[in-house]
Amino acid sequence: MPLDRIPGDDNLYIGSAFVVGQEKLLDSHNISHILSVLQYTPKEKADIAARPQTRPRTRIFVDVDDVEEEDLLVHFPRIVRFIDFGLASGNRDGDRDGDRDGDRDGGANDGGHAADGARNGAVYVHCAMGKSRSATAVIAYLMWKRPEQFRSAEGEGHDEGHDTPKATQRYPPAVAEDALRRALAFVRQARPLVEPNPGFMRQLVLWWHMGCPADAPDAVERRPAYQRWLYEKDVEESTRIGRAPGRLWFGDEAVATAPDNVDAGEDAAPQNDDMQNTPSSQNIQLRCKVCRRVLAGSQFIVPHDPPDAAAVHTTNGRLPPAQTQSTAACNHHFVEPLSWMRPTLEEGALEGRLVCPNTRCNAVVGRYSWQGFKCTCRAWVCPAFSLQPSRVDRIVVKPSAGAGAGVKGTGPNLHNIRSPPGTKGPSKV
């Protein structure tokens, strides 16, 4: 089929670019709004704007390619609000010409969900073939608009009475992936060929993980999880060609600058379930042995697990000597990049030493490598920011009265890391 209707009460259609020039076909489905999710040249957009229409239609363009590296996630707030606006508004006065020239968003910048009531509009979402980009846009909308349809029986932490995922809820990867599988299967009921590329699938998982934020055009950009995802993408692309990343991200700054309605600790980028088994109930501090300066707290310690012993063999099929023991002591405390490392990391080296930020100390406390390195437990960590046990002390701090009253629910003093310059300090109680 050139275009297919998504199951449900709304007139939401998905298909290919072929349909866009078929005015009679669009009219037969009362299409009032068109969302084009593909790269058009300026000339192609001008040609589209010059085409005669049998009725006015509102249209916006999202210029993206169907490649794994493409960032479609940042456009999700604009996409879902345009679709919702189009379904709710229909073909009303003032919609004419929409965003054909790219100057208007046809309601995509209106905050929140469209008003309840009669939803007389019909929205057509398309890419080149109606397979990857358009499917991603439709799934993003459905996850935002109908989250209850894709939750597990346990409810997955959503608030009763809310029609979007809870803004501060952190969803384990298995939960987000399950919701995505349900949404994809639902769209395939209408169009079996849909298949978002693997990069878009990961972005949809992150979209659900973040709670589908769409209250503003920059709602995704302001989320710490998205900022970290961009950073990790840049690290991967940069180290592949043997250079340090151009984008720096610091865990403590992400916590300090998170939106007021977001718990940055809960909005961390999703990790594998088996990487989340850390003694999170303990409040850990890593301190310089020389000057006692706190270098990292529990929130910024990176968990890592050694590989399965059964999977590690030498060429003769025997385990290497170090692996015959049940566990191996780790000679590294791996941490997130933190703002006190900025002067060192801004030098642009692929690897180097980490020194204590106390200017009266400057003791070497560890090392880093953007390309990663192997821990003594045989786990590979990339990128690697290691504080060495011989250079730092690991302290278990007892919770004090009033603990937990710090910034954005992260505990006192940002989990024992000094706030970056210019950021708001912890609240006083």
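Values quoted throughout were computed directly from the atomic coordinates according to the rules given, and no laboratory measurement underlies them. Remember, predicted model here, so these are calculated numbers, not experimental data. So basically every Cβ, Gly included, is an ideal-geometry build from the backbone, and we count neighbours across all protein chains shown.
Take each peptide in 62-72, 48-58, 196-206, count the other Cβ atoms within 10 Å of every residue, and average; sorted highest first, the result is 196-206, 62-72, 48-58. Between residue 291 and residue 390, the contour length at 0.36 nm per residue exceeds the Cα-Cα span by 34.2 nm.
Sorting 248-254, 134-140, 340-346 by average packing, meaning the other beta carbons within 10 Å per residue, from highest down gives 134-140, 248-254, 340-346.
Net length available on complete extension from residue 221 to residue 304 is 27.1 nm, with 0.36 nm assigned per residue and the Cα-Cα distance removed.
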